[in-house]
Each structure stands twice: as C-alpha cells, then as structure tokens.
Amino acid sequence: MPNFNNSLSSKLPKIGTSIFTVMSSLANEEGALNMSQGFPDFDVDPKLIELVTKNMQKGNNQYAPMQGALRLREALSHKIDKAYGVKYSPESEITITAGATQAIFTAISAFVKEDDEVIIFTPAYDCYQPAIELNGGKPVFIQLHAPTYKIDWGKVKKVMSRKTKMIIINTPHNPSGTMLTREDLMELDKITSGSEIIVLSDEVYEHIVFDGKEHESICKYPGLTDRSIATYSFGKTFHVTGWKMGYCIGPKNLMHEFRKVHQFNVFSCNHPVQIAIAEYLEDENNYINLGSFYQKKRDIFLDAVSTSRFEPIPCEGTYFQLLKYDQITDEKDVDFAVRLTKEFGLASIPVSVFYHVLLDEKVLRFCFAKGEDTLKRAGEILAKV
C-alpha cells in the first residue's frame, strides 16, 4: 500500500468527512430510510432520458464550448427574461457549470483574494466556507436562529468593512426552508450600493416555493443584478442530482473573470445532457409546476408527522423540512440523529453542523423529495419516538 512519509500541512485542517456522507453511510449500514441527503428517490421524466439518449446517438459526445452549448445558453436567457424581466446575454453573461457547487467554488475563486472577507449567513450549505478558506479569504459568520432564520441587516452593516469582498445569500434557504423577502433584497441592495462588494446568490431551489409565495431573485433588482453572480442547478429542478449540471449568470465583466477560472477548473460540461436540457426547457410545463409538486410532498410529510411529538418549523421552499425535538429529549442533535438512525431506522441531518460553531437548537432536517410511501413510513417512525 502506498504511504506518503513526508510531513503534510492541510489547507483545510478543520474539515473532515461531510455530515451528508456520514449519515448516508450510516443509513446504508443500518438499513434505515434515508431522508438525510438532498436527493429524490423517484424516477426522472422519461422524456428527458429520451432526449439525452437521442443526443448521444446523434453524436453530441465531444467537448462542448467552454461557456456551455449556445443553444442551452439561449434557452436560459429566454427563461430568465420571461421569469424575471431581465435579459442576460447568452454569449457573455451565462455559463454552464458542473452543478451549482462548482459554480459557487469558481465564483469565490475568481474574486476572493488573500485576507478578503466574505459574509456568510449560518446555518449555511457546507461548500461556502472551504472555498473561501482555500482562496485565502476569511469567512465572517452571521448566525440566524430558529424558527424564523431572519437576517438582521443591522448586524450585517456592523460587520461590513473595507475588506468585505463578497456577501453570500441563499434563497430558498438550505437547510431552513425559509425565503428572503422583497424587503430583504431591497435592504441588501441599499447596503451594498456604491461599494465594490460582490453578491453571490445561491438560487438552486428557485422553482421549489410554496403557498403562493414568489421567489425573490437578485434578477428582479437592477442594482443587485449589476454586482451579482447567481447560481442554479438543473439537478434540483429536474431530479437529476447525479448529472451534476448547473449554470451561473452575471454581468459581462464579472462573468469574464468567472470564465478565466472556469476554463481551468472544469473547462467543459456534459455535452449531450446540455443539448437535451435545452430541448427540455422549450416546454415550461417541465418546470413551472415544480412548487406544487413538492408542496404536495411537504404536506404529506407534515400530515404524517402530525401525531408525533416533533414540532415542524414552517417550510416556505426547498425540499427540506425542519423538525424541532426539544420536547422529546435534551440530547445534542448530532447524537439524536445518530440514535434515530440506529434505533428507529430513519436518517436525518442535525442542523448544528450547518453552523461554524455547532449551534444546537434541537432541530433536525429531513428531505421530503421522496415517494409517498417513504414519507408516510417516516411519519410512522417519528410517531414512535
């Protein structure tokens, strides 16, 4: 077995195996229902599979352009214009990426330099902090708290400084399921106006919103649009997380810098899948009703857990439901999540791991992107806890 004998100084000394890998592995070992990691357990639309197969057979199997297939970028430009009333140039302002995580990493790498500060709202998706630190930046954390996870913009202004290079927002928000409001975006626009701060807007769940609410994209706010990069995920939208396909948008000067990094980070993404998605986007019915599709699943899960002692925290978007358990046990959420998996056969994610200081508010996250039988079975299990 190979053995590296020299001393090694880690660039990420505080980072271990992600909680998603840990809990999914534990679920497999225990034969538990896996509602921890954010992936669907139902089939992809056969039409999309057919389109991918067709484009493979047509010979679209070599490198796509670095920026992404023009046909897909044109389709996205039309989609964004129709949804948000703003025109992004397919040639210079849209880039296809290997999922949203790669887009986020590339955006941070393109703009964050040594000693730059980046404001992150925690609980936060776990890819933000490592990307900042790998590029020599300093994460500045602002904690949000259950049950509202509301941003105090006064606190944001207090931590902003001449070193602030970027503010990362995520709406609809993983893990909380909350959404930024029009007032939030207007306040963000106000406090960054006239500065050189770049906004990185993670909008991968843009179509998964509930109860008649509307997604507040940075695209709706001209001031923010001028200084923002936004990232999106086809995997989340079309139930194909394993394909690792996404895209990002931004003004020409920002996208120019983004592509400088992208061309050496990934260069080119899956070509036949790009052409297939471009064709699939021609029918907006393939994504426009995604909110109602997942709202039905959310409501099935909520009904299933209604007889349990868990307290649901309102979910406005995403396919994650938070459940508070402080009336059941005072165990730490990591310990309780492990016990729930081992003793009851249901895997979740403890929300404390989304904070940089493991803030434990006795909340677990469950992914309801599952079939109806799985959701009802999960409710039966939780009712026994």
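The values are calculated or read from the model by the stated rules, or taken from the named source; none is laboratory data. Just so you know, these numbers come straight off a predicted model, no measurement behind them. Reconstructed Cβ throughout: ideal geometry from the backbone, glycine too, with neighbour counts over all protein chains shown.
Within the range 346-377, take every residue that is among the small types (Gly, Ala, Ser) and either in contact with a strand residue (DSSP E or B) (Cβ under 6 Å, 6 or more places away or on another chain) or closer than 14 Å to Ile328 by Cβ (or both) and give me the one that is surrounded by the fewest Cβ atoms within 10 Å (Cβ to Cβ). Among those that are among the small types (Gly, Ala, Ser) and either in contact with a strand residue (DSSP E or B) (Cβ under 6 Å, 6 or more places away or on another chain) or closer than 14 Å to Ile328 by Cβ (or both), it is Ala347.
Checked against (1) without any contact (Cβ under 8 Å) to a residue 12 or more places away in the chain; (2) in a loop (DSSP other than H, G, I, E, B), Thr53 meets all criteria but (2). When Ala124, Ala75, Ala103, Ala83 are checked against the criterion of being in a helix (DSSP H, G or I), of a type in the set (Gly, Ala, Ser) and in contact with a helix residue (DSSP H, G or I) (Cβ under 7 Å, 6 or more places away or on another chain), Ala75 stands alone in meeting it. Taking every residue in the range 3-24 that is polar (S, T, N, Q) and pairing it with any residue that is not in a loop (DSSP other than H, G, I, E, B), at least 6 positions away or on another chain, the pairs with Cβ-Cβ distances below 8 Å are Ser24/Asn34; Ser24/Ala347. Residues that are modelled with pLDDT of 95 or more and of a type in the set (A, V, I, L, M) within the range 250-283 comprise Leu254, Met255, Val261, Val273, Ile275, Ala276, Ile277, Ala278, Leu281, listed in sequence order.
Which residue is surrounded by the most Cβ atoms within 10 Å (Cβ to Cβ), if the candidates are limited to the range 216-230 and must be more than 19 Å from His78 (Cβ to Cβ) and in contact (Cβ under 8 Å) with a residue 60 or more places away in the chain? Step by step, filter the range 216-230, then rank; the result is Ile229. Considering (1) at positive phi; (2) of a type outside the set (Phe, Trp, Tyr); (3) in contact (Cβ under 8 Å) with a residue 60 or more places away in the chain, the lone condition that Leu358 does not fulfil carries the number (3). Residue selection: Ile108 satisfies the criterion of being β-branched (Val, Ile, Thr), assigned to a helix (DSSP H, G or I) and touching a residue at least 40 places away in the same chain (Cβ under 8 Å).
For the criterion of being in contact with a Phe, Trp or Tyr (Cβ under 6 Å, 6 or more places away or on another chain) and farther than 19 Å from Glu30 by Cβ, Phe354 fails. Checking the stated criteria, Ser348 turns out to be under 21 Å from the mean Cα position of the chain (by Cα) and small (Gly, Ala, Ser).
The condition of being in contact (Cβ under 8 Å) with a residue 24 or more places away in the chain, over 27 Å from Glu214 (Cβ atoms), assigned to a helix (DSSP H, G or I) and out of contact with any Gly (no Cβ under 6 Å at 6 or more places or on another chain) holds for only one of Arg298, Arg309, Arg259, Arg339, that being Arg259. For the range 7-45, a residue qualifies if it is in a loop (DSSP other than H, G, I, E, B) and surrounded by 13 or more Cβ atoms within 10 Å (Cβ to Cβ), and the qualifying residues are Ile15, Ser18, Ala32, Met35, Ser36, Gln37, Gly38, Phe39, Pro40, Asp41, Val44, Asp45. Taking the criterion of being in a loop (DSSP other than H, G, I, E, B) and of a type in the set (A, V, I, L, M, F, W, C), the only residue of the range 371-385 that qualifies is Val385.
Of all residues in the range 265-295, those satisfying the criterion of being out of contact with any strand residue (DSSP E or B) (no Cβ under 8 Å at 6 or more places or on another chain), on the phi < 0 side of the Ramachandran plot and outside any helix (DSSP H, G or I) are Ser268, Asn270, Leu281, Glu282, Asp283, Tyr287, Ile288, Asn289.
A single entry from Phe121, Phe39 fulfils the requirement of being in the same structural domain as Arg298 (by TED's automatic domain parsing), out of contact with any Pro (no Cβ under 7 Å at 6 or more places or on another chain) and either free of Cβ contacts under 8 Å to residues at least 12 places away in the same chain or of a type in the set (A, V, I, L, M, F, W, C) (or both): Phe39.
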